[in-house]
Amino acid sequence: MSIHQQAAASPDKPAVTMADSGDSMTFRELDARSTQLAHALRRRGMTAGDRLAILLPNSLLYYVAAWAARRSTLRYVPLNWHLHVDEVAYIVDNCDARALVTAEPLRELAQAVAQRQPSLRVLLAGSRDATPFEDLAAAMRAERTTGMDEEADGNFMFYSSGTTGYPKGILRPLTGQPFGSLAPIEQMTKAAYGFGSNTVYLSPAPLYHAAPLGWSMAAQGHGGTVIAMERFDAENVLRTIERYRVTHAQFVPTHFFRLLQLPGEVRARYDLSSLRMVVHAAAPCPIDVKERMIQWWGPIIHEYYSASEGGGFTAIDPQEWLRKKGSVGRSLLGPMHIIGEDGRELPAGEVGLIYFENAEPFEYHKAAEKTAEYFNDRGWGTMGDMGWVDADGYLFLADRKSHMIISGGVNIYPQEIENLLAVHPKVADVAVIGVPNAEFGEEVKAVVIPAAGCTADDELAHELIEYCREHAAGYKCPRSVDFVSTLPRLENGKLLKRELRKRYWPSDRRMIGG
């Protein structure tokens, strides 16, 4: 259903509430305001397929902007406001954005971007003086709240996270379906995860990421209420679940780490009994971490593996996972294949590149060569990840192809060692990469943030290396450990290993695509 239909059915029901402030917007208000903004955009020359860039913090306005674009057949491009101005400007230019919606907290960033894109129409919210931008509130007040003519569904245009270089725009064909038609993933949220009119969905992550925005809009499409956190805070997650009686929530493994780091008395302080379903994705989750979360929250934790490109989708429920620990599940959208370097399909148990049939059609905007790399000659799509399937068809991830370490001709997948070290009590965070070795080409290095109260010295480095050797083959284990105070992670937990490699590989092949 569309939010227009939800507004007719339950006009006074909250469509979204901000967790901290309690500010809320009903379905009637979301429908009306998104319609006003849609009219305002059309009045400024936006037509079907044009790009609307969204540069906003988590807020009620985010949903107004996204639904306005969707109901007026536009493509909406969420912008990561943590990026450098050069990176934001690159995306705005690359996607051919004709308009940008922003708010006062991000005025300076928007202004710097707009100076580089003089043809960009910028609408500013929450400011008494919008100069040199247009005032969003005034622009919307001038428009009617009734529907658009010939409304047809728009679509998102997310940019890849850029873990392997410049972010790439994911350009999907417009469906031509009426506004509010449920996309496949939105249908799946109901069929597989129980989304419905009684859903209270917690979104703790930045809305410029694909899953937080897409899944929360899906919850609204099914008539559920979204609880959007202004920013992630571990204890506040628990407080918010109790306060709003959250039924469904989505996290990434980094969130689980932080939740488990809370003192036991804090974790026991809050009533989490309303939770019916929790899902996680975006990055691999160490088995020990997930086991501890299931012990705490019960067998309600689901997992899926997918990507913004829509090349495939696997899922595993908690009961399955307890039998197949470490798996990300079986494919739900079509056959899956593990392909070796010679192009042949590999049997169960062997690691290769993961391909999916029935990959959704898309192209990387202005990057035909990258699009060609995504699909093989049979039309199967790959996200660039390595993995293997067991005899029952359950997928286990090894690592990204670009992260693979080749030492003395032997392939090493660093995710295995990262998972080992991630649960060591003296490790707060870790990345494992390949660094130059004159004899073997590469050797394994662990880059570690020590846990609070631990001394970063040779003794700790030796302890961590020996710990790895106790649990994994010696050739996979780090030969050295570097200690740092921060690691370059995105908010969804994805690690920018190319940034780490820059410290060790000045200018060579490992910087390409890594």
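With respect to the conditions (1) aromatic (Phe, Trp, Tyr); (2) crowded, with 19+ Cβ neighbours inside 10 Å; (3) part of a helix (DSSP H, G or I), Tyr90 lacks only one, and its number is (2). Please determine, by comparing only the residues of region 424-462 that are surrounded by fewer than 14 Cβ atoms within 10 Å (Cβ to Cβ) and charged (D, E, K, R), which one is nearest to His403 (Cα to Cα). Filtering region 424-462 for residues that are surrounded by fewer than 14 Cβ atoms within 10 Å (Cβ to Cβ) and charged (D, E, K, R), the one nearest to His403 (Cα to Cα) comes out as Glu439. Within region 266-281, the set of residues being within 20 Å of Ile227 (Cβ to Cβ) and open to solvent by 60 Å² or more (accessible area, probe 1.4 Å) comprises Arg267, Arg269, Asp271, Ser273, Arg276.
Inside region 197-214, residues that are under 12 Å from Tyr63 (Cα atoms) and open to solvent by less than 20 Å² (accessible area, probe 1.4 Å) make up a count of 4.
From (1) open to solvent by less than 20 Å² (accessible area, probe 1.4 Å); (2) of a type outside the set (Lys, Arg); (3) closer than 30 Å to Thr240 by Cβ; (4) in contact with a helix residue (DSSP H, G or I) (Cβ under 6 Å, 6 or more places away or on another chain), pick out the condition that doesn't hold for Pro299. Looking at each condition in turn, Pro299 falls short on (1).
To keep it simple, each residue is scored yes or no on (1) touching a Leu at 6+ places or on another chain (Cβ under 8 Å); (2) within 20 Å of Phe195 (Cα to Cα); (3) modelled with pLDDT of 95 or more; (4) part of a loop (DSSP other than H, G, I, E, B).
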| position | (1), (2), (3), (4) |
| --- | --- |
| Glu265 | no, no, yes, no |
| Ser274 | no, yes, yes, yes |
| Val278 | no, yes, yes, no |
| Asp288 | no, no, no, no |
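Restricting the first member to region 409-433 and to residues that are at negative phi and of a type in the set (Ser, Thr, Tyr), and the second to residues that are open to solvent by 10 Å² or more (accessible area, probe 1.4 Å) and part of a strand (DSSP E or B), the beta-carbon pairs closer than 6 Å and six or more apart or on different chains are Tyr413/Ala398; Tyr413/Asp399.
Condition first: farther than 23 Å from Arg172 by Cα and modelled with pLDDT under 95. Can you find one or more residues in region 86-95 that meet it? Yes. Being surrounded by fewer than 19 Cβ atoms within 10 Å (Cβ to Cβ) and in a loop (DSSP other than H, G, I, E, B) is the filter; apply it to region 492-504 and report the residue that is nearest to the chain's Cα centre (by Cα). Filtering first and then ranking leaves Lys494. Only residues that are crowded, with 21+ Cβ neighbours inside 10 Å, among the aliphatic types (A, V, I, L, M) and at pLDDT 95 or above were counted across region 236-254, and they come to 4. Residue pairs whose Cβ atoms lie under 7 Å apart, sitting 6 or more positions apart in sequence or on different chains, and linking a residue in region 129-148 that is in a loop (DSSP other than H, G, I, E, B) to a partner that is open to solvent by 70 Å² or more (accessible area, probe 1.4 Å), are Gly147/His4. Filtered by the rule that a residue be part of a loop (DSSP other than H, G, I, E, B) and either open to solvent by less than 20 Å² (accessible area, probe 1.4 Å) or of a type in the set (A, V, I, L, M, F, W, C) (or both), region 1-57 gives Met1, Ser2, Ala19, Met46, Ala48, Gly49, Leu56. Among residues that are within 23 Å of Ile54 (Cα to Cα), at pLDDT below 95, out of contact with any Lys or Arg (no Cβ under 9 Å at 6 or more places or on another chain) and in a helix (DSSP H, G or I), Ala211 is included.
Of the candidates Thr254, Thr247, Thr225, the single residue that is in contact (Cβ under 8 Å) with a residue 60 or more places away in the chain, in contact with a Gly (Cβ under 9 Å, 6 or more places away or on another chain) and polar (S, T, N, Q) is Thr254. From the list Asn80, Asn94, the one residue that fits, being polar (S, T, N, Q) and closer than 18 Å to Tyr364 by Cα, is Asn94.
Filter region 282-292 down to the residues that are within 20 Å of the chain's Cα centre (by Cα) and on the phi < 0 side of the Ramachandran plot, then identify the one that is surrounded by the most Cβ atoms within 10 Å (Cβ to Cβ).
The extreme case among them is Cys285.
Taking region 79-113 as the range and being in contact with a Ser or Thr (Cβ under 9 Å, 6 or more places away or on another chain) and small (Gly, Ala, Ser) as the test, the residues that pass are Ala103, Ala110.
For region 385-429, the set of residues classified as of a type in the set (A, V, I, L, M), farther than 20 Å from Leu495 by Cα and over 22 Å from the mean Cα position of the chain (by Cα) consists of Val389, Ala391, Val410, listed by residue number.
Each residue in region 338-387 was checked for being of a type outside the set (Asp, Glu), open to solvent by 30 Å² or more (accessible area, probe 1.4 Å) and closer than 16 Å to Leu171 by Cβ, and 6 of them qualify. Examine region 316-337 for a residue that is of a type in the set (A, V, I, L, M, F, W, C), open to solvent by 30 Å² or more (accessible area, probe 1.4 Å) and under 23 Å from Val226 (Cα atoms), and state whether such a residue exists. Within region 316-337, none of the residues are of a type in the set (A, V, I, L, M, F, W, C), open to solvent by 30 Å² or more (accessible area, probe 1.4 Å) and under 23 Å from Val226 (Cα atoms).
Scan region 462-487 for residues that are assigned to a loop (DSSP other than H, G, I, E, B) and without any contact (Cβ under 8 Å) to a residue 12 or more places away in the chain and jot them down. Hit for region 462-487 is Ala473, nothing else.
Residues satisfying the criterion are present in region 61-82 (criterion: part of a helix (DSSP H, G or I) and open to solvent by 30 Å² or more (accessible area, probe 1.4 Å)). Residue count for region 142-196, restricted to those that are on the phi > 0 side of the Ramachandran plot and open to solvent by 40 Å² or more (accessible area, probe 1.4 Å): 3. Count of region 417-444 residues, restricted to those that are of a type outside the set (A, V, I, L, M, F, W, C), at pLDDT below 90 and not in a strand (DSSP E or B), is 2.
The values are calculated or read from the model by the stated rules, or taken from the named source; none is laboratory data. Just so it is clear, the structure is predicted and the values come from calculations on it, not from any experiment. Every residue, glycine as well, gets a Cβ built from its backbone with ideal geometry; the counts of neighbours run over all protein chains shown. For the accessible areas, the whole protein counts, side chains as well, though only heavy atoms, and no ligand, DNA or RNA atoms are used. Shrake-Rupley method; radii C 1.70, N 1.55, O 1.52, S 1.80 Å.
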